[in-house]
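Structure first, commentary second.
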Amino acid sequence: MVKGRRRAGSPLWAKAPFALVQYPGLLAAVVVGALLLSLVAAAFPLFLSRSESELLRAEIANPTVGRFGAGLFYSVTNVGFGEPVREGDDRLLTEALDEAFGRIAARGPHLGSPIRFVSGATAQVTLPDGTSPESGRVEGTIFSGTEAEDQVRVVSGGAEDGALVPDLIADALEVEPGDTIRLDGKLDLRVAGTYEALYSQPRSGYWSPWSEQIYPQCFDCPAPPQYILVGPEEAISLSRALREGDQQDVDHGWVAPVTGMPLDADEAREVRAYTERVTARAAERGTRLGRLFQCCGQTFGGSFFFGRRDVEFRSGMPSVLRSVERRAAAVEGPLRLLLIAGLGVAGAVVAAAAAFAVAGRRTEAALLHARGWGPVRFAARSAVESAIPIALGAAVGLAAAWVLIAWLGPPAPAAAAAQAASVTAAAAAAAASLAILGVVTAVSFIRAFEVHALKRRLAWVPWELLVIAGALWVLSRLRAGGAVIEDPALDISRPSSLLLAFPVLLVAGFAILGARLLVAMLRRAGSGLGRSSPAPYLAVHRLTGLPGLTVLLMGASALCLGVFVNGQTMVGSLRATVDAKAGVFVGADVQVSIDYAAPEQERFPLPITRATRLKYAGELLPSGTPFDILGVDAATIADAAYWDDSFADRSLEDLAAGLASDSGPLPAVLVQGGGEPTAIRTAQAEIPIEVVGRADAFPGVSSDDPVVVVDAHSLEERVDVQGNPFHSPNARTEYWIAGDPQEALAAVADLEAYPLGTLTLEEVKDVPFIKAAIETFSMLNVLGLGAALLVVGVLVVYLQARQRARAVSNILSLRMGMRVAQARLALALELGAILISSFVIGASLGLVAGRLVAPLLDPLQTIPPAPLFDAPLGVLVWTAIGLVVVAAVGAWLVQRRASAVDLGEVLRVAE
Amino acid sequence: MPNEPVPARCIDLVKTYRTPTGAVHALRGVTLEFEAGALTAVVGPSGSGKSSLLRVLTGIDRATSGDVWVGPKNVARASARGLRRLRRDTVGYVFQRPSDNFLPNLTIAEHLRLAAGSNGTADLEILDRLGIGHRAEHLPDELSGGEQQRAAFAQAVVAGSAVVVADEPTAELDSESSKLVMDGVRTLVNSGVTFVVATHDGAVRRLADEVVELDHGRLKGAHRTPTDGRHVSGGRIGRLPVDASDAAVSVHDLTKVFHHHGGDVVHALESVTFDARPGELVGLVGRSGSGKTTLLNVIAGWERPTSGEVRWRDGVDAAEPPWSAVAVVPQKLGLMEELTVEENVAYPARLAGRSEERSDHIEELIGQIGIFDLRSRYPREASVGEQQRTAIARALAVPTSVLLADEPTAHQDAVSAERVFAALRRAADAGTAVAVATHNREVIKYLDRVMTMKDGRLEENPRT
């Protein structure tokens, strides 16, 4: 017997928070979805911050920067030995500066104890008897720096009781520790030790503030006077002695290095902000700091002496961070794409879980619908049921993000703000998961049960046409110049995200449309399969029996494969374009600038050719069009110069062969120019020419003006020295060397001409925009491939699930006379038709999208050729073969699993 | 309990479904009234529009045109929110499958509390009145099908539903469970609840205060007096003399034991000896779980017997007899979802390479079994009863030695059931041995021989 009435309250809501325990699959899907969403969202700021920190670490580790270069630097020249702060303040200026800089460094974030340096007089160094070395005059500069002796490689002796002398001086004078040297012939100095002179050593951070004083400033410049290291008092007294009198001067300086390495980017920004603030204050005369550090302006005068005082207050951190941010921008594009894709996938998992909450628990949903529940109430229930699993998943996702990034990410630390951002992102991911789950549950509920006129109307909307319209709109934006976004703050260009949106929209829209048409055609073809064998009969009917599902599967597969092919196309095209442009600009693998008058190179270990280029050389006649001229060595250019067959319809050998001629009009190849020029007019001469070839691009061409390519020797035959445009001071003569860049650079020493500078292909290609664009499309490529593999996997799993669900009909078919091989073939044809059709549709659209967009991405606009289009034919062929194999193997797997079903058990369950 | 009995009526009700293969006209201008505080049985062949009528009446689906009044409210004109309120407050819906009426994690008492609303209190005495008071604290899956169905009705009443609509509430119950459920329904009707029940069950029809008959989406008739369900005469069913010694298939001393996880052992068949003879319609009658399906599975070669043997005439391989030896109509019909009804029926002939030869027969068969109008539809676009007839027609498409049919009339009304047995009779007359497993004792009249199955044992029914 039941006792009367029971208390009120809804047990459904009370039990909801733990209801999913009864549905392990759904519970797992919700947890995994929230985990993925949280993982991706939380990992992004951590990874980005660690990347920045790693770039920062690398920048600071650069010997030309170092901890000292990145810190705060102050130097002041010409400080008198006894100079007071100012009238009325008798403290020595150097002591006041020392105290003030120490205070600034102590207050600054991540700045260490400053080192103080004194750069004193430069003096000729001789033996005590005045003997100079046989090699000639040798000089040294008195220098004192905090712990400077620890920053050099000591060869002999030490720093006690005397000076540390560079081996450049010690070897020349043949002195050893304990010996004495004489400065400027009047001051003796005991040699306590010798060290390896800095100019011949790799640059190191400590010495980076004085690079200009230590290292030669040109290729063949002599080494500057190296430092003779002494203590600070000694540096002053020596300099005073050398300069004779208190009114003379020395240079003083302080450097506060950055500490707490490795710094994260935010800490570096704190340093930057602080140093900028201090520098700004020090630059204002109105402030006490400004008056002290500026020392009353950059010049000072006296009754009889008028000198110049240079003051420098600087930090390398702004430029370090600028470089970091420029490079990070190249990383951020693809990373953001990865974030979007990851969020999309994770969101899809959550959405699938939500849809499954309705589809997999359809009976419950139908019951609640019949009891008068609406979508909002149902969604609220799902949210309550999922709240704890989502919180759990988000927490695990956050922890996983931290562990994975620490394990697999860049080793540098993440900034505290990034860590906080990752926690916030995980919380937001949890909230988003709940929101997605609620919305998708509500929509699924409406789709499954509610009767809305709007739903019926929406079902007839051709959504793919809207997507196609969106793609066309994006294309119009791209063509209107939206392909590249300028970032004035970092002075870089980034590829627009529209470049990614376009192929996705174009492929998605047309893929669905194509799939719809294909299914309609198959449906028509299916009616003609009356006598065909069972396999194609079944395959066609399966494809057309559930047209919506087939269109969805084909559309999804085509989208993924299309994005993959588009990514391949874009990366290939960009690489081809950049390679071609860099090749054209450099001329070959390595370019060496030389003087036009340099002697001809008789022999060289690598293919080499010589070229001279002159911009704005004159006018083409009769049109009067301005032109550039390029003089090449027709005999050697084909062996060494970069060439791509897309540059001209003839080979470089053919073109070069036509250039050499001793008489008649000067043979020329016209690049980027139209018309029929008969002569060129330079400032000095008018030379008849004969156009023997034309090209869209040519090695050595670096502008979009017409370029006349001639054989330099043939030109010299026709004009005297005054008439030769290549003698212009604006002309640039180069050797172009083909081969391994390192080998080529090493061989430069063998050149008879003096090398004025070198340039390699990789240096030209090292442009952040190009890297960002290639990385972004590479990422799109990887994502497309990943998604395609996922879709193929989903297709196979779907077919398996379907075949298992259709176990009864499958086994009945086998009883009716269908052979296993025919059943397998039917599956292979079905799967193959979906995959191959999707591939054909997707790949075609991916190529079309690439063809439309590739010309809009011109990374080095001023250098020909125009953007190239590179269809990834190999990838297309291999993908097609792979899909056929997948169809065959997938069909075999599906049929094997389907055959393993125990029909007796299935039918017993039905009973 | 409702304060006042609420009547319902439909005026010129039309319901049309749009499907990929065209429009399905489920209801074509139905006008009728459901008397307040009475039990109305909606009957008619499967596919006649019964379920559509009930769905529109409860506001689960919306009419294409026409009006549906539940008390003073026109359901056809109600907003989505209004329909929800209607389902929550006025009309209770009881699903055909008993377990579909419950959330698995709530006890029966909790279901009633939920039905009473968040601020209401549940009067659990109704469970006593329906004979399931002792089940209040049980979870749904601890109840039998009949108990579940009564608890489902209790929910509808506790929710204050003045109108309770049930779609074939006894279709999946054996006769004893059905009786208990309908006793409960009568109790509720007597307390003023308006009951509308779609059914094929003759017992339910006999209990109803009024019977409404639909055919092809149109109202065929309404009767105050219950009928016995015999509207269509099947004519004389011819019977051939059967020679017991010439069985197409026979089983001898068959035993089938299942070992479940946890060590449970189920003796599904125990020393069963049985034969099916050419020209004979033999029935295996028994409650769910009595072993009927297992016996058919063993004969069909889908289960291996633990002991005993299956002998086929003409040297057929008992482990995997071909379709020409045995055609099967399983409860899970096994229709090809990608093929239309007609293509499904013709599929065995196609695989046997006899499409053209059998085309006339198949066309005739489709007409005889009552699925001609839906031959171009996919199975999912047909009712369960129509799907079942499609599966039966498929089994009859090519001649076979034996035809095994598991509950072939579970979803058929009396007319359709008679069509089904007429078709099976024609097959038997042509020499096929037809064995039918059923829990429906009303079809015994169509059988030549009846075997009763109980707890895995088979015994000859003395009535035959």
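Bear in mind that the values in this text are calculations on the coordinates, not laboratory data. Please read these numbers as outputs of a predicted model, since none were measured by experiment. Every residue, glycine among them, receives a Cβ derived from its backbone with ideal geometry; neighbour counts consider all protein chains shown.
Remarks
- Pairs of lysines in chain A (C-alpha under 30 Å apart; 8 or more residues apart or interchain): 6
- Residues B:S191, A:S53, sorted so that the one with the fewest Cβ neighbours within 10 Å comes first: B:S191, A:S53
- Peptide A:366-379 is shielded by partner chain Cβ atoms: per residue, an average of 6 of them sit within 10 Å of its Cβ.
- Cα-derived Rg to Rh of the range A:539-691, Kirkwood definition: 1.26
- Counting only alpha carbon atoms, the long axis of helix A:317-359 and the longest principal axis of chain A meet at about 10°.
- A cut-off under 15 angstrom between Cβ atoms defines the neighbours of A:F73, and their net charge, with Lys, Arg +1 and Asp, Glu -1, is -2.
- D_trans [Stokes-Einstein, Kirkwood Rh over alpha-carbon pairs] for the range A:666-707, 4 °C, 1.567 mPa s, µm² s⁻¹: 119
- Each residue of the range A:52-98 gets 96 Å³ once the volume of the Cα convex hull is shared out per residue.
- Within 10 Å of each Cβ in B:321-333, the average number of Cβ atoms from other chains: 4
- Förster-model FRET efficiency, 25 Å R0, A:D750 and A:Q124, C-beta, rounded to 0.05: 0.10
- The relative contact order of chain B comes to 17 percent, based on Cα pairs under 8 Å that sit 6 or more residues apart.
- Relative contact order for chain A, counting Cα pairs under 8 Å that sit 6 or more residues apart, in percent: 15
- Over the range B:38-192, the hull volume per residue, using the convex hull of the C-alpha atoms, is 120 Å³.
- Residue order, fewest to most surrounding Cβ atoms within 10 angstrom, among A:V590, A:V884: A:V884, A:V590
- Farthest toward the positive end of the dipole of chain B, out of B:S290, B:I371, B:H361, is the Cα of B:I371, where the dipole comes from beta carbon charges about the Cα centre.
- Within 10 Å of each Cβ in A:387-398, the average number of Cβ atoms from other chains: 0
- Helical runs (DSSP H, four residues minimum) scored at -39500 (n - 2.57) apiece and divided by the length of chain A put the mean residue ellipticity at 222 nm at -17500 deg cm²/dmol.
- The range A:247-281-the range B:371-424 distance, computed between alpha-carbon centres (Å): 90
- Ranked A:E743, A:E147, criterion: other C-beta atoms within 10 Å, fewest first: A:E147, A:E743
- Relative contact order (%) - the range B:407-464, alpha-carbon pairs under 8 angstrom, separation at least six: 28
- Seen through its C-alpha gyration tensor, with square-root eigenvalues sorted a ≥ b ≥ c, the range B:351-464 comes out prolate because a/c lies at 1.5 or above while a/b is bigger than b/c.
- Protection-proxy order for peptides B:385-394, A:68-77, each taking the mean of Cβ atoms within 10 Å per residue, highest first: B:385-394, A:68-77
- For the range A:624-757, radius of gyration divided by Kirkwood radius, i.e. Rg to Rh on alpha-carbons: 0.96
- Those lysines that a straight Cα-Cα span of less than 27 Å connects to B:K256, excepting residues fewer than 8 apart in one chain: B:K292, B:K332, B:K454
- Long-range Cα-Cα pairs in the protein assembly as shown (distance over 66 Å), rounded percent: 37
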